[in-house]
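One structure below.
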Amino acid sequence: MDERGVIHMEKRLKKDKDKKQEQQKLPLRRVIQNNLFMLGMIHSVDPWLIPLRLGMSLFVSVTYFLGSTYLLQYVMNAIGEGKGFFEILWMAVLFVVLELSADLINNAFWQLYYEKRRYAVGQKVNLKIFEHADRVELACYENPEFFDKFVKALGEADGRALNVLYNVSGILWCLVNLGLCVGLVASVHPIFLLFALIPLVTVPIRSKYQKQTHARDMEIRQIDRRKGYPHRVFFVSEYAKELRLTKMPTYLLKYMKDASETCRRIHAQKGGLLTALECACIFLGNVFPVALTTIYAVYRTVVQGLMGFGDCFVVLNTTSRISGELLDSVEEFMNFRNNARYIETLREFLEYQPRITDGDQPLPGSGDIELRHVTFQYESAAAPTLQDISMTFEAGKRIAIVGANGAGKSTLVKLLLRLYDAQGDITYGGVPICSFALRDYRDMFAAVMQDFHLFAVSAAENVTLARRTEGDDQRIIEALKSAGIWDKLCEGGGGLDSCMTREFDPAGIMLSGGEAQKMAIAHVYAKKNRFVILDEPSSALDPIAEYEMYRTMLDACSDCGVIFISHRLSSAVLADKIYLIDGGRVAECGTHEQLMAKDGIYADMFCKQAENYRESACEEVSA
């Protein structure tokens, strides 16, 4: 991307911005609900945190007023009235001790209590997000708009709840101080309250400032995702070879530079308006009312002699504080609405109702999986990926699904695992699979997908794909031996505790593609299954190694149903039944011998692949 690329990105973001502007206009009821939602989250973690935080805010605000304002008025007026030194000193010491006590109690609250509990609050919000992310269907991750909400929700998880509490306590602080200061100034002369109200004219200006800031932040956050993509890619091992063998690094760095340039332009476009708005707020909210108050107070004290020096000082100090507290109150109330805008994204994510939901029927003790007239189409696709599919996966039988790339084989596996729901009927033991609890139904499968990933945890936990428990070790070791990867793990001396990848451990084990697939396959050996799904897990193995792997696995899984997918047909000869999918439909079905005798699509594919294998073998021998 060059200059045109940057402009194109800006236009696209402008469209997104216009589309979402309406969503940012929250009604007052929703603003209150969103903030109460976050306060409820805090209360569920610690019922004492909110009342203690608000109590401390009230206590400190009152002592702060007494020590910083009322004490000064008392001392200066007492001096003017000729009161004794020790009488004034005793009152001053009393106020100082009170303020110091408030500071000590407040610091103890923050350091010994609040700082520890805030982590628990952030953890609770994160946990709620991740638990919901685990429930939403796979299609949500393929929807850019939904995924964007997910990312933004995570961005709000740690701090937004406590921002709301800080906001509420700030409102309480401002209202208490405002009430005390108004009462004090009114006792001197009410006219000074009019001067203190001048900053209220900045409310609409400040509101516009916040809206513009929020709009800018949302635009920047969206671009940050794009800007962060090269950061992630450059540090992921799966991309290392492609980055070094192609010109993609140059493109990605240019992509990142263009995204940064877009951010700079957005700041430049908004910067002038935001600066003007802020300057207007400073002048109308601070400079002008302070100057007016100072002139009139000095005139009443020096020229007219109607005010004491203590009253004059307090009016100058407190009127300014009233203006500040007024503006802070307005700011806090606007933050209340601003928080609600951010929380709205989080709530939209959490309130999303998954389409794939649990049923309430128990799983049958055993049974076959049957598909009857199943059709499935991805939301973004123009045509169905699978059409009118009918097939049966019998318990204890070996079923192979074959076909060209893009025929719909992996989509079929996702339907069997109920990662998607489709039109038609899919049953287990004669009962629709939507009638079962998702976790119970999926737990009867062990699945090794073609795009599997190793986690940056121990080898044992990569086999169990769960927390390792006492008594698992021998079962895991046997599984790793059966998969042919145990010796590799023992080379570094780590064994079951070997850390996979080097994301967190520089001494972590980096496996080749074939070795990593063996780690994934070990999961099948370690788990008691009713059905095993192998979705081309051997793509990194040569044909002979693949055949041996399938033969060994099928022998080991003789007591459960096996569904395996492979674009290499050499392994299909081991199946009890073969389904060939072509164009999203079941084109042929039968045993290897039956399909070869039929001399159709399967026979043609098998012969062509066999010829390729023979040619490759001959070339290797000649070499």
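The values are calculated or read from the model by the stated rules, or taken from the named source; none is laboratory data. Treat the numbers as computed from the prediction; the structure is a model and nothing was measured. Cβ coordinates were reconstructed from backbone atoms using ideal geometry, including for glycine residues, and neighbour counts include every protein chain displayed. Protein only, heavy atoms only, side chains kept; ligands, DNA and RNA dropped before computing areas. Shrake-Rupley method; radii C 1.70, N 1.55, O 1.52, S 1.80 Å.
A few remarks follow.
- Only protein heavy atoms count here; on that basis, with a 1.4 Å probe, Phe376 has an accessible area of about 10 Å².
- Antiparallel bridges, percent of DSSP beta bridges restricted to the chain (to nearest 5): 50
- Amide N proximity, the stretch 313-328 versus Ser187 label position 7 Å along Cα-to-Cβ, cut-off under 19 Å: 313-323
- This model, with +1 at the C-beta of Lys and Arg and -1 at the C-beta of Asp and Glu, gives the stretch 350-419 a dipole about its Cα centre of some 320 debye.
- In the stretch 328-385, a dipole from Cβ-located charges (positive for Lys and Arg, negative for Asp and Glu) runs towards its positive end, and of Asn335, Thr357, Gln377 it is Gln377 whose Cα lies farthest in that direction.
- Table column - 3J(HN,Hα) (Hz), the stretch 365-382, Karplus curve with 6.51, -1.76, 1.60, x for Gly and Pro: x, 6, x, 9, 9, 10, 10, 10, 6, 8, 10, 9, 9, 5, 4, 8, 8, 7
- Among the GluC sites (Glu not before Pro) within the stretch 313-407, those in coil by DSSP and having at most 16 neighbouring Cβ atoms inside 10 Å are Glu351, Glu379, Glu394.
- Amide H partners (placed H, <5 Å) of Arg585, local residues excluded: Gln387
- Solvent exposure ordering (accessible area, 1.4 Å, most first) of Met596, Met218: Met596, Met218
- Carbon plus sulfur fraction of accessible area for the chain, probe 1.4 Å, in percent: 58
- Pairs exceeding 28 Å between alpha-carbon atoms, taken from Lys527/Lys598; Lys116/Lys152; Lys247/Lys608; Lys25/Lys149; Lys227/Lys488; Lys152/Lys257: Lys527/Lys598; Lys247/Lys608; Lys227/Lys488.
- Gyration tensor verdict on the stretch 250-338 (Cα atoms; rounded if a/c is under 1.5, prolate if a/b is larger than b/c, oblate otherwise): prolate
- Helical runs assigned H by DSSP (4 residues or longer) give the chain a calculated mean residue ellipticity at 222 nm of -20500 deg cm²/dmol, each run adding -39500 (n - 2.57) before division by the residue total.
- Solvent accessible area, Å² - Ile220, 1.4 Å probe, full protein context: 20
- Cα gyration tensor category, rounded, prolate or oblate, for the stretch 298-417 with a/c compared to 1.5: prolate
- The charge dipole of the chain, taken about the Cα centre with unit charges on the Cβ atoms of Lys, Arg (+1) and Asp, Glu (-1), comes to about 2320 debye, rounded to the nearest 20.
- Cα centroids of the stretch 368-442 and the stretch 565-607: 18 Å apart.
- Cα shape, the stretch 432-577, gyration tensor, a/c 1.5 rule: oblate
- Gain upon complete extension [Ser512, Asn107; 0.36 nm per residue less C-alpha separation]: 140.4 nm
- Under the span-like rule (Cα at least 18 Å along the axis, Kyte-Doolittle mean at least 0.5), DSSP H helices of the chain: 28-45, 49-65, 85-109, 160-188
- One chain, two ends: Asp505 and Asp217. Fully extended at 0.36 nm per residue, the span grows by 100.2 nm beyond their Cα-Cα distance.
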